[in-house]
1. Among the residues of region 78-94, what is the count of those that are within 20 Å of the chain's Cα centre (by Cα) and either surrounded by fewer than 24 Cβ atoms within 10 Å (Cβ to Cβ) or more than 30 Å from G32 (Cα to Cα) (or both)?
2. With respect to S340, determine if the residue is modelled with pLDDT of 90 or more, touching a Leu at 6+ places or on another chain (Cβ under 9 Å), farther than 23 Å from V404 by Cα and surrounded by 17 or more Cβ atoms within 10 Å (Cβ to Cβ).
3. Please work out if V40 is within 30 Å of S365 (Cα to Cα), of a type in the set (V, I, T) and free of Cβ contacts under 8 Å to residues at least 60 places away in the same chain.
4. Taking the conditions exactly as written (outside any strand (DSSP E or B), at pLDDT below 90, at negative phi and loosely packed, with under 13 Cβ neighbours inside 10 Å), does R184 satisfy them or not?
5. Taking the criterion of being closer than 30 Å to W146 by Cα, of a type outside the set (G, A, S) and surrounded by fewer than 19 Cβ atoms within 10 Å (Cβ to Cβ), would at least one residue in region 295-302 satisfy it?
6. So which of F252, F278 is out of contact with any Lys or Arg (no Cβ under 6 Å at 6 or more places or on another chain) and over 29 Å from M37 (Cα atoms)?
7. Can you tell me which residue is farthest from S264 (Cα to Cα) among those in region 322-338 that are more than 20 Å from the chain's Cα centre (by Cα) and part of a helix (DSSP H, G or I)?
8. If the requirement is being buried (at least 20 other Cβ atoms within 10 Å of the Cβ), of a type outside the set (S, T, N, Q), outside any helix (DSSP H, G or I) and under 17 Å from the mean Cα position of the chain (by Cα), which of these qualifies: V97, V19?
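The values are calculated or read from the model by the stated rules, or taken from the named source; none is laboratory data. The structure presented is a predicted model; accordingly, all values stated were derived computationally and were not measured. Cβ: placed from backbone, ideal geometry, glycine included. Neighbour counts: every protein chain shown.
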Amino acid sequence: MVFIGLMITMLLASMNQTVLSTALPTIVGELGGVDQMTWVITSYILATTIAMPIFGQISDIFGRKPLLFFAIGLFVAGSLVGGLAQSIEWLIVSRTVQGIGGGGLIILSQAAIADVVPARQRGKYMGLMGAVFALSSVVGPLLGGWFTEGPGWRWAFWINPPLGLVAVLAVAFFMRLPRHEHARYVKLDYLGMTVMATATTCLVLVITWGGHQYAWNSPTILGLIGAVVVLAVAFIWIEAKATEPVIPLSLFKEPNFVLSSLASLMVGIAMFGALGYFPTYIQMVTGVNATQAGLLMVPLMGFFLASSIVTGMLVSRTGRYKIFPLVGTIVIILGLVLMSELRVDSPLWWLCTTLAIFGIGLGMSLQILTLIVQNAFPHSMVGTATASTNFFRQIGATTGSSVVGSLFVQRLTAALQDRLPELLSGEVAGIDGDANSLTPEAVHQLPAHLQDAIVVSYNDALLPIYLFLTPLVAVAFIALLFVRKTPLATSVDHDQPAEVIHRTGG
């Protein structure tokens, strides 16, 4: 039961990274603000990124359980606000609050496993957590599509409070974690947290606005780049002097942490860059509705789930772990190459096959990277180390989502300008003269010759970008070659043994 509670918290957070992907065209059509569509996704990922190291550090000091309650509360509050949103700005604020809570849920559920399960046996549990992430990556878009076609997109938010209540009850009644005995008054790294959050936000603004809303050599972008550099230097100086640093610099003395975090960063860019806009691509190219687009993502989920579980079981059985993310990154590259070669007339079975291959690679990689980091540090630093490596993965996710989105819109605008200049000049009824206004519903109402030109432009604008992601995954592969093989611990090294109580017995 304790593990089921942790899986529910992970499901809450991870599902909401993707639940709006199929509903997004309808949402922005209703609330307006199509030009801010990217921020509905990016705001959640950005807030999650910033929250992770903060929750990780505080949980190492005060324990996981109280913070799990707090994170669930934040997440539910953000969901309630989102369900009531009357504008795109309101929706973005709600997603930010959700993201803060979601960042805590992801980190605390992973760190809590390390509190009670030795590293040698942790593989199968991490594999199951990876399976939950895989499940959410497809259930999210599927639910989003179903809500959009049925009771309404707001139910993508209303579904979270009942799930949050189940998670609270599971944590309250079934979770028994070791107590953290620390000094009553601890000087938290508030300055470090603030500087880290500000630097991360500036970095995302550079990535999101650069070359799209502002020219790369504009004062705004150059100023933000300068701010990122100054804040990064300030953050290093602050962390070197902090009593309880949010990201201890000592982490970077451990080669396995540096190499795994680099790999996590690259895989995060590739994963979220590739999948963030793929459900909408499916709708646009195949003509299916949002629910059907979610169903076509099922092969990704199924093979991600199976690959993650099998990999975790093999790690626990054999004690070998380095080989799996190495093979996984190769499979990810293969999946990206095949996805980049898709065409508007590619059969659905082939589209699903490319997604399945991509899912296998992700399942072999993601959770094992976290296990490598956890195994490199004492139990007292597991929360901070887990949060820090996930921080870099989420930076990758934010970067991937933002960069692919910006590049895609630029390439789509250029392609449409060549094929259908009258479309962008506002001469076509139902289209606002902006590539951002090309929702699947609007396009499929157009005459056939316009539909064909738009769909081909959409395909040519998005999928070649996937090929550009492959060198990044190759960097992850090279980094993992140098990971030091350390035997997985067979016991948890905290002073007080964890007591995991299953109320059903055992």
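1. Of the residues in that region, 3 qualify.
2. no
3. yes
4. yes
5. yes
6. F252
7. Among those residues, the one meeting the criterion is L338.
8. V19
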